[in-house]
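Presented below is the structure to which this report refers.
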Amino acid sequence: MRFYQLALRYLWRKKAKTFLLFLVLVLVNTMILSISMIRRAASESMDSMQAKTNSKVAAEITDTGTKITEAEVRQIETMQNVASVNRVGQYDVFPSNFMPVTGSTSSGEENSKAVLLSYDDLEKDSPFADLQYKLTAGEYIRQDKKGAVIHVSLADLNGLKIGDTLELDTGSGRTVSVPIIGFFRSSGNTEEKQPAQTTAVNRMENQIFIDQRTCSELFGDTDFYKLVVYTDHPDKIRALASDIQKVLGNQAEVSTSDTLYRQMSAPLEQVSRVSALMLAFTLAAGTIVAALLLCMWMRTRQKEMAVLMSLGKTKGELVLQVFCEAGIVFFLSVFVSALIGGSIPAVLQNLIYRSGISNADLTVLLGIKDIGALAGLGGIVVLAALCVSIFPALKADPKDILADMEG
């Protein structure tokens, strides 16, 4: 009779012991499955959260005589863990088809210029993001949105509306036209607090925000006084900041901003640590209990194994039989645990929130990965228990066992 036939017959004959081992494995496997779901939920929540926290590295020049070049920006853009880059430039320009706002009587160039501020994304890392300015009409400049955002007072002075075109001049004969896509004003009426004799180039009303493409058309090779680098891996933001500092050298001060990520990741890391401890305890306890049961099982069947070996069965065949018996019970327990697992995610999630461990967006669901983890870790538990229980039986000599039994 083949080893698997002997295994099936033995399990059927020892129904009570088989059922006891089955219950123990179901309990251990259900615990493993529950912990695996929690750990995977925490990991996936951490991954999705990293891209949403807007963690960034900001680099700003420390000397007005130096700027961040396009070549340096391109080098930074190719670094690992860089999601996007927001470049910020500042230039003085001459208006061609409009007049700047000014109350000064100065006849110098400064009183006939406007300030050009170039952005890749105006909604981020700008006076609008800091709530110093607010958009009163139109839309922000973005990577795919070309145009200019101007002050309401500048528009009123020149009778401009959204859709009209501004003409800007570098002063050397190079000009560019850009459509107006938005109006802004300060959030606290700061315009009214400016001294009356402030020259045009220094007045808030003459700040013109434009996209980087238009800026390149006007000035050719552009450079920047500030660079903001967003990362989708805030856990590696320190290394990214160090790499950026190496590229820019001492010409720029580099700082990191990942406070939101650290606040949100702290409870998830706590969940991961607690679940790791629970998993280690479950694996250790499961191995010990299963090993004790199997050892008791083996002690009661030593005579049977000795008789089979005396009849010509090899130790290898007996090992295969025992492994087949345990494997059948284990896979049945995995199937039952998976069925139970489908009904416990809601319970686990409520327990997490009620315990106060995590206030993060943690969604516990049963997935294929969890069943795979169950099969792998549960299999290790059973294999370890089998090795502990079967070794003494295989080590003993069949003749000695039979002699002891008869004596």
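The values are calculated or read from the model by the stated rules, or taken from the named source; none is laboratory data. Please read all numbers here as calculations on a predicted model, not as lab measurements. Note that each Cβ is placed from the backbone with ideal geometry, even for glycine, and that neighbours are counted across all protein chains shown. For accessibility, only protein heavy atoms count, side chains too; no ligands or nucleic acids. Shrake-Rupley method; radii C 1.70, N 1.55, O 1.52, S 1.80 Å.
Between Lys14 and Gln245, what FRET efficiency comes out of the Förster formula 1/(1 + (r/R0)^6) with R0 = 60 Å and r the beta carbon distance, rounded to 0.05?
0.30
For the residue pairs Lys52/Lys161; Lys146/Lys226; Lys56/Lys161; Lys52/Lys146, the C-alpha atoms sit more than 28 angstrom apart in Lys52/Lys161; Lys56/Lys161.
Calculate what fraction, in whole %, of the accessible area of the chain sits on carbon and sulfur atoms when a 1.4 Å probe is rolled over the protein chains. Within the chain, the accessible surface is 57 percent carbon and sulfur. The angle between the Cα long axis of helix 259-300 and the main principal axis of the chain comes to about 10°, on a 0 to 90 degree scale. What's the local net charge at Asp47, with K and R +1, D and E -1, over the other residues with C-beta under 11 Å away? Within the 11 Å Cβ shell, the charges total -1. Straight-line reach from Lys15: taking Cα to Cα under 20 Å and skipping same-chain neighbours fewer than 8 places apart, the aspartates and glutamates in range are Glu304, Glu325. Which option, [x] 1.31; [y] 0.95; [z] 0.98, is the value of Rg/Rh (Cα atoms, Kirkwood Rh) that was calculated from these coordinates? After the calculation, the listed value that fits is [x]. The DSSP beta bridges internal to the chain are antiparallel in roughly 80% of cases.
I'd like to compare 174-180, 77-83: which one has the highest average count of other Cβ atoms within 10 Å, and what's the full order after that?
174-180, 77-83
Stretching the chain fully between Gln143 and Glu253 yields a gain of 37.1 nm (0.36 nm per residue, less the alpha carbon separation). For the range 157-236, dividing the convex hull volume of the Cα atoms by the residue count gives 190 Å³ per residue.
Annotation: per residue accessible area for the chain equals 51 Å², rounded to a whole number [probe 1.4 Å, protein chains only]. Placing unit charges on the Cβ atoms only, positive for Lys and Arg and negative for Asp and Glu, gives the chain a dipole magnitude near 3120 debye about its Cα centre. Net charge of the neighbourhood of Arg203, taken over other residues with C-beta under 11 Å away and scored Lys/Arg +1, Asp/Glu -1, is -2.
Going 7 Å from the Cα of Ser104 toward and past its Cβ, which residues in the range 110-131 have a backbone nitrogen under 13 Å from where you end up? Correct set: 110-115.
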